[in-house]
Each structure stands twice: as C-alpha cells, then as structure tokens.
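These notes are about the structure you will find just below.
The values are calculated or read from the model by the stated rules, or taken from the named source; none is laboratory data. All values derive from a computational prediction rather than experimental measurement. Cβ: placed from backbone, ideal geometry, glycine included. Neighbour counts: every protein chain shown.
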Amino acid sequence: MKSSNVLTMMTATKLLHDSMLQRGASYPLHLGVTEAGNDKEGRVKSAAGIGALLLMGVGDTVRVSLTEPPENESPFAHKLLQSIENLNVENLNIQDGTLIFEDDSVDEERWYCRAAAVTGYAHFTHGLRNLKLVNPHFSATQITDYESLIMQACRIKILNTEFVACPSCGRTQYDIQSVFAAVKQRFAGYPGLKIGVMGCIVNGPGEMADADYGLVGASHGLVCVYEGKKRVSEPMLPEAAMTVLERFIIHNS
C-alpha cells in the first residue's frame, strides 16, 4: 500500500479498507509514505498521507520513512499522532476550492502536521485548488512556504521539483544522505520534474519507476544514473553522476 505519491498511497489504502469492510474481513492496515525524502518536505509528505487516512479512521500502524538517521523517524511519528489527535474535520472551511485552515499552534511541527493532515483529508474527500493557512505565530514567509510544501505533497499544485529518496538499508554502499542533500540543492529549480535518489539496485529502479531521472546505488561509493527505468550510465562517483544527470535534464528540457 505504500507509495512516494501521497494520493496513490491514500487511494490504494482506502480501497483496501473499504474492500475489507464489504467482505467482513478485519486485518490491520499499515500506513506509510515511502521514500518521502528528508527535512520538512519528508515530514510534510508523511503527515499529509498518514495523517489524512487516520482522520478517516483508517490505519492501525504507521511508519515514517526519512532519508535521515533512522532514530529520527519514530519521534516524528509520535509527534504526528499526538498533533492530529482530536482534530475536527467535520466543518472544513472550503471556499471556491480553497481550504482555509486556521490554527494557533505555537509548536512548528505540530502546526504543519495538523495543516498537512487536514489538507490531505480535504483534497481527498472534496478536491482542492488552493490552500490558505492562518496562524498568528508564524511569519508570512513561513506560511507561504508551508502552503507550497503541503500543496505539493498533496498534489494540489506542483510548484517545485519533486524528490523521492529511500531511507536506505544495509545494501546501501554510499552516503545517500549527503548525496540526496546535494541533489536537492543542485536540481531545485526544475518545477514538475521528479528525481529519485535510491540506495541499491534491488529496490531502487522499481520504487522510483515513475520518476523522470534518478541516481541508484551501485557499490563501494558509486551510483548509476537512470532515465525512468533505464540505466544510462556506468557506476561512477556521485559528483560525476550529478553532472551526467544535469546534462540529461538540460538536453531534454
């Protein structure tokens, strides 16, 4: 049921949930936005998908997947669950396709967890065209940034490059966290483009199959460049691979 696409993950999970209800079955459902990435983008994506389903009463266990040290995942998962507890989605303020979400949370993570979860729920159930956040404790710039992040995560508007990256495992033989950070910095200016950074050949090409381009770990500090599902380079150092990737993007733009 997991996907790096929040809407795909939500749709698949809700279909399974509804199918079980119809058949009188009862199996626990595990929620997760896989390859969510890192930093605020990864957390907002996770909150949008996991949080929205929980607001529908769907889901029994959760996993936040971040391309960061693994000990960062569980605390944020707990923060997400605590943040959306007792959230009321019965009286959403939606005007002409715009969700207006007012919240006075002082804690930044709590605020954007709540905002992302409600937006994910509202877009899935009503269909949104825009988002307006209202919170007196944050600046106009912060609010605009989170509006953009949340709308991108929920696929209401694609305003930036979309990045997906696996949390890595024992098969990863290069520093995926630093490479992913470098890829995000270098390719941030391509709105609508989807780029994956994956740990290994076992799962990488399949799990980023809907990405336009990607880097997939090879061995001993090396990665390969992919265009869609097709490998287009030999194993090379990440910096050289990013140069090759950039040439492909510019050539095909």
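Taken over region 206-253, residues that are basic (Lys, Arg) and either part of a loop (DSSP other than H, G, I, E, B) or closer than 18 Å to Arg186 by Cβ (or both) amount to 2.
Among the residues of region 12-28, write down those that are within 22 Å of Asn203 (Cβ to Cβ) and surrounded by fewer than 16 Cβ atoms within 10 Å (Cβ to Cβ).
If the condition is that a residue be within 22 Å of Asn203 (Cβ to Cβ) and surrounded by fewer than 16 Cβ atoms within 10 Å (Cβ to Cβ), then Ala12, Leu16 are the ones that fit.
Part of a loop (DSSP other than H, G, I, E, B), in contact with a Gly (Cβ under 8 Å, 6 or more places away or on another chain) and not charged (D, E, K, R): does that describe Tyr174? Answer is yes for this residue.
Here is a yes/no grid of residues against (1) closer than 24 Å to Gly228 by Cβ; (2) in a loop (DSSP other than H, G, I, E, B); (3) not small (Gly, Ala, Ser):
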residue	(1), (2), (3)
Asp145	no, no, yes
Ser178	no, no, no
Lys184	yes, no, yes
Ala188	yes, yes, no
Val197	yes, no, yes
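Against the numbered list (1) in contact (Cβ under 8 Å) with a residue 60 or more places away in the chain; (2) farther than 30 Å from Asp103 by Cβ; (3) surrounded by 20 or more Cβ atoms within 10 Å (Cβ to Cβ), Tyr146 comes up short only at (2). In the set Asp18, Asp104, only one residue is touching a residue at least 24 places away in the same chain (Cβ under 8 Å) and in the same structural domain as His126 (by TED's automatic domain parsing); that residue is Asp104. I'd like to know if region 107-125 contains one or more residues that are of a type outside the set (D, E, K, R), assigned to a strand (DSSP E or B) and either crowded, with 20+ Cβ neighbours inside 10 Å or at pLDDT below 95 (or both). Looking through region 107-125, none of the residues is of a type outside the set (D, E, K, R), assigned to a strand (DSSP E or B) and either crowded, with 20+ Cβ neighbours inside 10 Å or at pLDDT below 95 (or both).
For the structure I just gave you, tell me whether Ser83 is within 20 Å of Asn135 (Cβ to Cβ) and crowded, with 16+ Cβ neighbours inside 10 Å. The answer is yes for Ser83.
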